[in-house]
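Everything below concerns the one structure shown next.
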Amino acid sequence: MTKQIQQYSITFAVMLYAVAVPILEINQTHVFNPDWTPHAKIHEVWQLITNTAIGMLCLYLVWVKKQLKTSAILSIMVTGGFLLAYTIKHLYGGSMKYLDGSEKTLLGINIGILGFGIASTLLLISLALNTKQKQMSFRA
């Protein structure tokens, strides 16, 4: 995986959590959901703003500073955080289903799990390759 492919992989992940998620959640199912408590809504908006800000920093690090490792780590923290929250949802009563029982899926897989699963995999590969490239440059 070349550095440019690594840059695009990180950018893909950032676009998911910093752009697509806010688009999917600033509506009646999340931010403007009348069934949500005001306290839950403020946490949701805070998470959206924070993740978008982290994403903008990551894009700057990737495309301007060429700091792929830091950007990949930050992005793994965001995408991996979602995957962990999904994994432990039984502990706090979480669900990816809406109140009407529907769920956004693609190919029968929840879109969050599918998108962030692919993104996290690409980020981990990018991080591993970045580390390997650094090791090889020290040996040369």
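The values are calculated or read from the model by the stated rules, or taken from the named source; none is laboratory data. Just so you know, these numbers come straight off a predicted model, no measurement behind them. Cβ coordinates were reconstructed from backbone atoms using ideal geometry, including for glycine residues, and neighbour counts include every protein chain displayed. Accessible surface areas use protein heavy atoms only, side chains included; no ligands, DNA or RNA. Shrake-Rupley method; radii C 1.70, N 1.55, O 1.52, S 1.80 Å.
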Q: Just add up the charged neighbours of V62: K/R +1, D/E -1, any other residue whose Cβ is under 11 Å from the Cβ of V62.
A: +4
Q.
Suppose each label sits 7 Å from its Cα in the direction of the beta carbon; what would the L107-H39 distance come out to in nanometres?
A. 4.0
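For a Förster distance of 41 Å, can you work out the FRET efficiency between the beta-carbons of N27 and T131, rounded to the nearest 0.05?
Details: r = 40 Å, r/R0 = 0.96.
Step by step, r from the Cβ atoms, then E = 0.55.
Could you list, in their original order, any pairs among K69/K132; K41/K65; K66/K132; K3/K65; K41/K97 whose Cα atoms are separated by more than 23 Å? If you can, show how the numbers build up before the last one.
Working: K69/K132 11 Å; K41/K65 35 Å; K66/K132 16 Å; K3/K65 13 Å; K41/K97 17 Å.
As for pairs spanning more than 23 Å Cα to Cα, those are K41/K65.
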Q) In the neighborhood of V31, defined by Cβ-to-Cβ distances under 10 Å, what is the net charge if each Lys or Arg adds +1 and each Asp or Glu adds -1? A) -1
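What's the ranking of 90-99, 27-36 by average number of surrounding C-beta atoms within 10 Å, highest first?
Details: 90-99: 9.7, 27-36: 12.5.
Ranked from most to least packed, the peptides come out as 27-36, 90-99.
So what is the relative contact order for the chain, in percent, with contacts set as C-alpha pairs under 8 Å and at least six apart? Write down the numbers at each step before the final one.
Working: 118 pairs, mean separation 45.2, N = 140.
RCO, the chain: 32 percent.
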Q.
Need one word for segment 1-64: rounded, prolate or oblate. Basis is the Cα gyration tensor (sqrt eigenvalues a ≥ b ≥ c); a/c below 1.5 gives rounded, then a/b vs b/c decides.
A. prolate
Q: Straight distance only, please: which lysines reach the Cα of K104 with their own Cα at less than 20 Å, same-chain residues fewer than 8 apart left out?
A: K89
Q. Which label belongs to the value computed from this structure, given these candidates for mean projected area of the Cα convex hull in nm²: [x] 14.5; [y] 12.9; [z] 9.7?
A. [z]
Q.
Considering only protein heavy atoms and a probe of 1.4 Å, how much of the accessible area of the chain is carbon and sulfur, as a whole percent?
A. 70
(Q) Could you tell me how far the Cα centroid of segment 37-64 sits from the Cα centroid of segment 71-137, in Å? (A) 16
Q) Sorted by average packing, counted as other Cβ atoms within 10 angstrom per residue and highest first, what order do 101-110, 49-58, 115-124, 9-18 take? A) 9-18, 115-124, 49-58, 101-110
Q) Hey, what do the phi angles of segment 50-62 turn into as Karplus ³J(HN,Hα) couplings, whole Hz, using 6.51/-1.76/1.60 and θ = phi - 60°, x for Gly and Pro? A) 4, 5, 5, 5, 4, x, 5, 4, 4, 5, 4, 4, 6
Q: Pick out, in residue order, every one of the trypsin sites (Lys or Arg not before Pro) in segment 5-79 that is DSSP loop and has at most 16 other C-beta atoms within 10 Å; say none if there are none.
A: K65, K66
